[in-house]
Amino acid sequence: MRGSLRYIIALVLALFSFVTYYCKRSTNEVTGEVQHVDMTAEQEIALGLQAAPEMAQQYGGIHPDRQAGARVEEIGQQLVRSTKASQTPYKFQFHLLADENTINAFALPGGQIFITAGLLKNLKSEGQVAGVLAHEIGHVVGRHSAEQVAKSQLTQGLTGAAAIGLYDPDRPSTAVSAAAAAIVGKLVTMRFGRQDELESDELAVDFTAQAGYDPRAMIQVMQILEQAGGGKNPPEFMSTHPNPGNRIAELEKDIAAQFPGGVPATLKP
C-alpha cells in the first residue's frame, strides 16, 4: 500500500511539472521560436539589474580604464542599434570587468552584458570584440535565462518524481536508482545550455554582419579560446559550452548559409 501511494505521488508530481511547463508558451519576437517561459521582459530586466553589481564584484568590479570601457559600450550599442535587439524591451548595457586573469564574457537577463579584461586583451580586432558581444546579445534576446529557469523547474520536478517513485526505504539499494535520476536530470540541463550557446552563435553571425562586422572574426575568437584552454577543457558532454572546435564547425555552416556567395569584403574585420 505504501509503495502504491509513493507511485501515485510521483505520478502527480510529474504530471504537474509537465502541465505547468507546457502551458507557459510565448513566441520570441526575434527568433520566432515558441518558448516555454514564466517571466516577463520587465522581470528579466529587474533581475539582471539586481544581480549586476554582485556579478561585477566577483570579477574585481568595473575596470578603471574608462576609455576602454566606453569603447566596449560603443561597440555593443552599435550592435543593438543595427539589429532586432533594438526592437526588444531590453535595456542593454555593456561592462568591462577589471579581472585581467579570467577569460570570460556573460550576459544577465534583461541586457546587462560583461566582458573581462582577461578576454579583451586576447582579442586582436574590433570585429572579434563585436563577435563576443553579439553572442551575449543573442543570449538576452533568445531569452535563454528565462528558458533555463523554466526548464530547470521542469527537470527538478521530474527528477523529484523519479526519486520518489524509485526510492523504497525498505530497500536501501534503491537509493542508487534515485541518485541516478538526479544525475540524468543534471545532464539534461547541461544539454539545454549547449543548445543555447549554439543558438547565440547563430544569432551573432546575423548581428555582426548587420552592424558592419565580418562574422568570421567569431571563428578567430573560438581559436583564441581553444588556445587559452590549453587542451584542459572538460568533455563536451559534461560541459554547458560546446568546445571551441565544434563551435567553429557550426559557425562555418552559419556563415556559409548567410553568405552563399562569400562574405562581402566591405565588412570590418
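The values are calculated or read from the model by the stated rules, or taken from the named source; none is laboratory data. Values in this document were obtained by computation on a predicted structure and should not be read as measured data. Heads up, the Cβs are rebuilt from the backbone with ideal geometry, glycines too, and the neighbour counts pull from every protein chain shown. Heavy atoms of the whole protein, side chains included, go into the accessibility calculation; ligands, DNA and RNA do not. Shrake-Rupley method; radii C 1.70, N 1.55, O 1.52, S 1.80 Å.
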- Under 14 Å from Lys124, Cα to Cα: aspartates and glutamates that are on another chain or at least 8 residues apart: Asp214
- Query: Leu49 versus Thr20, label points 7 Å from Cα toward the beta carbon: distance in nm?
  - Reply: 2.8 nm
- Query: Largest first, how would Leu123, Leu5 line up by accessible area (1.4 Å probe)?
  - Reply: Leu5, Leu123
- Query: How large is ³J(HN,Hα) for each residue in the range 69-85, as worked out from phi by the Karplus curve 6.51 cos²θ - 1.76 cosθ + 1.60 (θ = phi - 60°), to whole Hz, x for Gly and Pro?
  - Reply: x, 5, 5, 4, 4, 5, 5, x, 5, 5, 4, 5, 4, 8, 10, 5, 4
- Note on the structure: Computed over all unlike Cα pairs, the Kirkwood hydrodynamic radius of the range 1-95 in Å stands at 17.4 Å
- Given a cut-off of 28 Å, name the pairs among Lys91/Lys268; Lys24/Lys84; Lys91/Lys121; Lys24/Lys91; Lys151/Lys268 whose C-alpha atoms lie farther apart than that in the structure shown. Lys151/Lys268
- Note on the structure: Taking only the alpha carbons of the range 47-145, the radius of gyration and the largest Cα-Cα distance, Dmax, both in angstrom, are 12.4, 35
- Item | Radius of gyration and Dmax over the Cα atoms of the range 107-153, both given in Å | 12.7, 40
- Note down the accessible area of Phe16, probe 1.4 Å, to the nearest 10 Å². 140 Å²
- Item | For the range 37-101, with +1 on Lys and Arg beta carbons and -1 on Asp and Glu, the positive-most of Gln58, Ala41, Ser86 along the dipole | Ser86
- Hey, can you find the accessible area per residue of the range 71-163 for me, probe 1.4 Å, expressed in square angstrom? 34 Å²
- Largest first, what is the accessible-area ranking of Lys151, Lys124 with a 1.4 Å probe? Lys124, Lys151
